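Just below is one structure, and these are the notes that go with it.
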Amino acid sequence: MNRIVIAIDGSPAASVAARFGIELASEHDAYTVFVLVAPEVDVVPTGGFGLTAHLPHELSALDRKPLDDALALAAEADVDARAELLGGDPVDEIVAFADSFEADLIVVGSRGHGALASALLGSVSRGILSETRRPVVVVRGAAEQIAAVAVPA
């Protein structure tokens, strides 16, 4: 295994997946790319009665922060990595990037929504599994792991 794509989104579950992916990369001396997909539009309230507007998403330091944090973790583990900030549909962008990068593995976290929530909200990890032909590891951290990442000591 030479190339690993680790999809992150800034969530505690994605942080657990990033740590797992970094560990794999370290064990296999694999080149790693962290991928975060920012939305193309922001939905903002425009008044009462549930009215909203769709505005183009302006990339900011907040979009980049999870990538910077992941790169810092990789550097601590002496893993060669870079980060890519993409825009669009997360499933499509992650799968397309992994294909263009010729990834040997895609690592993605799972927030562990139940069946109903996943059906209503969609699931990036499930979408990646159904869209790609590349091996995928879905990391579902235990509640303790996610809590530890969410609230650093």
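Listed here are the residues, each with its yes/no results for (1) without any contact (Cβ under 8 Å) to a residue 60 or more places away in the chain; (2) touching a helix residue (DSSP H, G or I) at 6+ places or on another chain (Cβ under 8 Å).
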{"position": "ASN2", "(1), (2)": "no, yes"}
{"position": "VAL5", "(1), (2)": "no, yes"}
{"position": "PRO12", "(1), (2)": "no, yes"}
{"position": "LEU24", "(1), (2)": "no, no"}
{"position": "THR32", "(1), (2)": "yes, yes"}
{"position": "ASP42", "(1), (2)": "yes, no"}
{"position": "GLY47", "(1), (2)": "yes, no"}
{"position": "LEU59", "(1), (2)": "yes, no"}
{"position": "LEU62", "(1), (2)": "yes, no"}
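Please indicate, with yes or no, whether at least one residue in the stretch 95-102 is of a type in the set (A, V, I, L, M, F, W, C), without any contact (Cβ under 8 Å) to a residue 24 or more places away in the chain and under 25 Å from PRO135 (Cα atoms). Scanning the stretch 95-102 turns up at least one residue that is of a type in the set (A, V, I, L, M, F, W, C), without any contact (Cβ under 8 Å) to a residue 24 or more places away in the chain and under 25 Å from PRO135 (Cα atoms).
Could you tell me whether GLU40 is of a type in the set (Asp, Glu) and at pLDDT 95 or above? Answer is no for this residue.
When every residue of the stretch 64-76 is checked against the conditions, none turns out to be under 17 Å from SER15 (Cα atoms), surrounded by fewer than 15 Cβ atoms within 10 Å (Cβ to Cβ), aliphatic (A, V, I, L, M) and under 12 Å from the mean Cα position of the chain (by Cα).
Being at pLDDT 90 or above, in contact with a strand residue (DSSP E or B) (Cβ under 8 Å, 6 or more places away or on another chain) and basic (Lys, Arg) is true of ARG64.
The values are calculated or read from the model by the stated rules, or taken from the named source; none is laboratory data. Fair warning: this is a prediction, and the values are worked out from it, not measured in the lab. Please note: Cβ atoms are built from the backbone with ideal geometry, for glycine as well, and neighbour counts cover all protein chains shown.
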